[in-house]
Amino acid sequence: MPEIAGYEGGPLVDGSRFLDTPLFWPCHLGASLRGEEAQANALGPDWDDAQELSATLASPGAWPVFTVPLHSGYVLHVVYRNWDGDHGVDYLLLHPDWPRAVTLAAVDGHFMGPGLSWAELEASAGLDATTGVTDPDARLLLLFPMLGDVDVPQGAAPRLASALEALTVVEDPAGLARTLLVNQGLWSPARWRETHGTRVCDGSHSYRNPLNGFALPAPLLAATAEALNGR
């Protein structure tokens, strides 16, 4: 398990064992399953099992980590950050030349995001990888909670449904895909644009909105766009 600067106090564990558990995915996508109907469509009769799995994922004694290699040495770490009384999921971008990871999104009661656009999500999911999370469908669903994009293309729903059909046992993957895209994350969907070759957004809770006082500095905004553009 790689060490992650800033998370030395947490008992990080490899989360890959959850990737082949169909129920993991509705749990992981829970922030976009708002309302009883959406949760019922995603979980079906497995509500109690999902509650048990969610408790395991949030255990202070073991913080599951999933590593998604990108290109040029960049990686995204998805960390179930389980401090007692402060648990959530952090999406961290790291490069070997950086002293510490950069937070792109956080899914918790004090959420931050979005962290990427649909184009970046699809590009990152499709990259070849021989370590970490290698399956394109798993990469797509794992990074989906970072998404916030007003202008998702028509092909987004079928692509998402295909991943759900491959990795879950939900009865209506197409319907669930539409629900997820309507309820993207805990933030409002953002508009993305290119500024001096760097993709940024207008999200009021996003580190990638240069107008926010807490935004990433310009060099890290550029590096993030480079890491996620699939080249």
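Checked against (1) under 13 Å from the mean Cα position of the chain (by Cα); (2) within 19 Å of residue 167 (Cα to Cα), residue 79 passes all but a single condition, namely (2). The residue that is most open to solvent (accessible area, probe 1.4 Å), counting only those in the stretch 74-105 that are small (Gly, Ala, Ser) and without any contact (Cβ under 8 Å) to a residue 24 or more places away in the chain, is 85.
Residue by residue through the stretch 163-173, note down the ones that are touching a Phe, Trp or Tyr at 6+ places or on another chain (Cβ under 6 Å) and either outside any loop (DSSP other than H, G, I, E, B) or among the acidic types (Asp, Glu) (or both).
First pass over the stretch 163-173, keeping only residues touching a Phe, Trp or Tyr at 6+ places or on another chain (Cβ under 6 Å): 167-168.
167 - this is the single residue of the stretch 163-173 that is touching a Phe, Trp or Tyr at 6+ places or on another chain (Cβ under 6 Å) and either outside any loop (DSSP other than H, G, I, E, B) or among the acidic types (Asp, Glu) (or both).
Residue 4 passes every criterion in (1) of a type in the set (Val, Ile, Thr); (2) at pLDDT 95 or above; (3) in a loop (DSSP other than H, G, I, E, B) apart from (2). Condition first: surrounded by fewer than 21 Cβ atoms within 10 Å (Cβ to Cβ) and hydrophobic (A, V, I, L, M, F, W, C). Can you find one or more residues in the stretch 205-214 that meet it? Checking the stretch 205-214: at least one residue is surrounded by fewer than 21 Cβ atoms within 10 Å (Cβ to Cβ) and hydrophobic (A, V, I, L, M, F, W, C). When residue 219 is tested against (1) in a loop (DSSP other than H, G, I, E, B); (2) open to solvent by 70 Å² or more (accessible area, probe 1.4 Å); (3) closer than 22 Å to residue 100 by Cα, exactly one condition is not met: (1). Every condition in (1) crowded, with 17+ Cβ neighbours inside 10 Å; (2) touching an Asp or Glu at 6+ places or on another chain (Cβ under 8 Å) is met by residue 24 except one, and the failing one is (2). If I filter the stretch 36-49 for residues that are surrounded by 15 or more Cβ atoms within 10 Å (Cβ to Cβ), in contact (Cβ under 8 Å) with a residue 40 or more places away in the chain, closer than 22 Å to residue 144 by Cβ and of a type in the set (D, E, K, R), do I get at least one hit? No.
Just to check your reading of the model, which residue among 160, 211, 176 is free of Cβ contacts under 8 Å to residues at least 24 places away in the same chain and part of a helix (DSSP H, G or I)?
Details: 211 fails: part of a helix (DSSP H, G or I); 176 fails: free of Cβ contacts under 8 Å to residues at least 24 places away in the same chain.
After ruling out the rest, the residue left standing is 160.
Taking the listed residues 134, 130, the one that is β-branched (Val, Ile, Thr) and at pLDDT below 95 is 130, with no other qualifying.
In the list 152, 133, which residue meets the criterion of being in a loop (DSSP other than H, G, I, E, B), of a type in the set (A, V, I, L, M, F, W, C) and in contact with a Ser or Thr (Cβ under 8 Å, 6 or more places away or on another chain)?
Matching residue, one of 152, 133: 133.
Take the conditions closer than 16 Å to residue 29 by Cβ, open to solvent by 40 Å² or more (accessible area, probe 1.4 Å) and modelled with pLDDT of 95 or more and apply them to residue 159. Does it pass? When the stated conditions are applied, residue 159 passes them. Taking the criterion of being under 22 Å from residue 168 (Cβ atoms) and either charged (D, E, K, R) or open to solvent by 30 Å² or more (accessible area, probe 1.4 Å) (or both), the residues of the stretch 108-139 that qualify are 122, 126, 132, 134, 135, 136, 137, 139.
Within the stretch 179-208, the residues that satisfy the criterion of being farther than 16 Å from residue 154 by Cα, among the hydrophobic types (A, V, I, L, M, F, W, C) and either more than 18 Å from the chain's Cα centre (by Cα) or not in a loop (DSSP other than H, G, I, E, B) (or both) are 192, 200, 201.
The values are calculated or read from the model by the stated rules, or taken from the named source; none is laboratory data. Remember, it's a predicted structure, so these values are computed and weren't measured experimentally. Note that we place each Cβ from the backbone using ideal geometry, even for glycine, and neighbour counts take in every protein chain shown. Protein only, heavy atoms only, side chains kept; ligands, DNA and RNA dropped before computing areas. Shrake-Rupley method; radii C 1.70, N 1.55, O 1.52, S 1.80 Å.
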